[in-house]
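In what follows, a structure is listed as structure tokens, so that the remarks can point back to it.
Only the coordinates and a few stated rules stand behind these numbers; no lab work does. Please read these numbers as outputs of a predicted model, since none were measured by experiment. Here the Cβ positions follow ideal geometry from the backbone for every residue, glycine too, while neighbour counts run over all protein chains shown.
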Amino acid sequence: MEPIKLSERVYFLGVQDWDRELFDEIIPLPQGTSYNCYLIKGSEKVALIDTVDPKKEDIFLENIKELNLKIDLIISNHAEQDHSGAIPKVLSLYPEAKVVTNEKCKNFLRDLLLIPEDKFLTIKDGEELSLGDMTLKFFFTPWVHWPETMVTYLKEDKILFPCDFLASHIATGEIFSKGDDFIKSTAKRYYAEIMMPYRISIKKHLEIVKNLKIDMIAPSHGVIYTDPKFIINAYEDWVSDNLKNEVILAYVSMHGSIEKAVDFFERKLVNLGIPYKKFNVTRADIGEIAMALVDSATLIISTPVFLANPHPKISFILSFINDLRPKTRFAGIISSFSWGQRIEEQIKAQLNFCKLEYFPSIILKGYPKQRDFSSIENMVISIKEKHKEIGIL
Ligand SMILES: [Fe+2]
Ligand SMILES: [Fe+2]
């Protein structure tokens with residue numbers, strides 16, 4: 001089989017993983033994923049950019065063997081095992097090869113994969129490395145999404161290899177894409193679940209990317225962008241401070257009290273023309289919740305008191321949201337209890353990384369009564385006023 005080429009001497013050696021359902025044992029992968037890696041055939045040296053997850057290394061090594069080349073350099077942009085895991089295997093096949101990376105990534109690779117010190121060639125930020133007629137330039141981009149992450153730029157062919165940065169979890173038979181709504185939603189899901197906590201770092205690193213002349217962006221998951229502006233523009237919007245006139249309603253109801261309150265809340269949002277996304281967190285796809293958190297202005301958490309705490313499914317979502325640190329500005333709490341509770345403080349404490357302005361909480365004693373419906377209506381009116389105040393309505 002003829003390997004796929006990005007340009008005359010740049011090959012795609014990635015492997016599609018159609019069946020993978022979870023990443024980090026938590027993130028749903030409705031489209032599977034891929035582990036992309038690339039081979040650059042310079043006139044003097046052959047370089048591999050990243051590798052694959054070890055569970056796919058056999059197919060990957062077959063792809064390498066088909067090219068019948070000796071690998072001199074393995075560029076490691078990121079130490080996480082879905083990209084670095086096959087490095088030891090490649091080193092065993094090509095014992096002369098050097099792993100090219102930054103100091104921090106080297107230390108991670110030594111710890112995680114037990115690669116000996118003498119196998120490394122350490123580079124500095126902005127350093128260039130010649131492959132003969134081709135030149136690689138490295139830019140350090142820490143915290144997308146680990147502290148050691150970097151991107152590699154192939155100067156002559158104007159191809160950027162950003163590893164996880166700008167990537168998407170999708171297994172596909174069409175590896176090149178100009179970008180469309182479906183690809184954008186896979187990239188948004190990826191950004192939401194993996195990159196969003198590092199929004200401020202990413203904003204800075206996006207400037208590095210924008211200052212380079214790029215014809216193609218070749219990440220280490222998902223499609224290769226043949227129109228770099230497509231993904232750069234999408235990221236600019238996601239990392240910006242822009243918010244959408246949208247409310248997230250995340251709830252659990254055990255005996256119908258919360259459900260009644262949430263249904264009433266929903267009707268009032270409809271009456272006032274405020275768009276919303278409703279998630280019953282007992283069965284919601286957490287990736288969909290993460291995507292909504294990329295730009296929704298308001299988050300409403302609604303939970304019964306369960307053994308003096310938020311419902312455990314709500315606690316899980318609160319912990320997930322807190323880790324994602326979304327730019328969401330406003331929040332409201334609706335809860336229902338039968339005896340003692342400190343639910344308001346508990347929820348706020350669980351969202352302590354988020355900078356939220358709270359509406360007055362609505363704590364129901366059992367089933368919602370007339371005064372509770374009035375409070376809910378007031379909360380929805382306040383949402384509209386706040387959204388107006390920040391200019392999104
Ligand atoms: Fe990663
Ligand atoms: Fe990755």
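Checking the table Lys178/Lys204; Lys137/Lys213; Lys178/Lys210; Lys137/Lys158 against a 19 Å threshold on Cα-Cα, which pairs fail? Let's see the in-between values first.
On the way: Lys178/Lys204 24 Å; Lys137/Lys213 13 Å; Lys178/Lys210 17 Å; Lys137/Lys158 11 Å.
Going by Cα-Cα distance, Lys178/Lys204 fall outside the 19 Å limit.
Of interest is the spacing of the C-alpha centroids, which for the stretch 250-264 and the stretch 290-362 amounts to 15 Å. Looking at the chain alone, DSSP beta bridges between its own residues are antiparallel in about 45 percent of cases. Across the chain, the convex hull enclosing all Cα atoms gives 140 Å³ per residue.
A Förster distance of 41 Å, applied to the separation of the beta-carbon atoms of Tyr358 and Leu22, puts the FRET efficiency at 0.80. Segment Phe316..Asp215, full-extension length gain: 32.2 nm, with 0.36 nm per residue of separation and the alpha-carbon distance subtracted. The string of couplings for the stretch 9-21 from the Karplus curve (6.51, -1.76, 1.60, θ = phi - 60°) is 10, 10, 10, 8, 10, x, 10, 7, 10, 5, 9, 5, 9 Hz, one whole number per residue in order, with x for Gly and Pro. The amide H of Gly42, built 1.01 Å from its N in the peptide plane, has Ala47 as neighbours under 5 Å, considering only residues 5 or more places off or on other chains. Taking each residue as 0.36 nm, the span from Leu393 to Lys124 lengthens on full extension beyond its C-alpha to C-alpha distance by 92.1 nm.
Within the shell defined by Cβ-Cβ distances under 13 Å, the residues around Lys124 carry a net charge of -1, with Lys and Arg each +1 and Asp and Glu each -1. For the stretch 232-239, putting each phi into the Karplus relation 6.51 cos²θ - 1.76 cosθ + 1.60 with θ = phi - 60° gives couplings of 5, 5, 4, 5, 4, 5, 5, 7 Hz, in residue order, rounded to whole numbers and with x for Gly and Pro. Taking amide H as placed 1.01 Å from N in the peptide plane, the amide H of Leu121 sits under 5 Å from that of Val99, Val100, Thr101, each at least 5 places away or on another chain. Relative to the longest principal axis of the Cα atoms of the chain, helix 199-210 runs at roughly 40 degrees. Against the main long axis of the alpha-carbon atoms of the chain, helix 57-67 sits at an angle near 40°. The phi-based Karplus calculation (6.51 cos²θ - 1.76 cosθ + 1.60; θ = phi - 60°) puts the 3J(HN,Hα) values of the stretch 39-49 at 10, 10, 9, x, 5, 10, 9, 10, 10, 9, 9 Hz, whole numbers, x for Gly and Pro. Calculate how steeply helix 257-271 sits against the longest principal axis of the alpha-carbon atoms of the chain, using the helix alpha-carbon long axis, and give the answer as 0 to 90 degrees to the nearest 10. Approximately 80 degrees, to the nearest 10.
In this structure, the amide hydrogen of Ser34, modeled 1.01 Å from its nitrogen in the peptide plane, lies closer than 5 angstrom to those of Asp17, Ile170, Gly222, counting only residues at least 5 positions away or on a different chain.
Looking at the stretch 100-252 alone, DSSP beta bridges between its own residues are antiparallel in about 65 percent of cases.
Protection proxy ranking for 17-26, 190-199, using the average of other Cβ atoms within 10 Å per residue and placing the highest first: 190-199, 17-26.
The packing ranking, built from the mean of other Cβ atoms within 10 Å per residue, places the peptides 147-158, 176-187 in the order 147-158, 176-187, highest first. Rounded to 0.05, the FRET efficiency of the Arg283 and Glu377 pair, given R0 = 25 Å and the Cβ-Cβ distance, is 0.35.
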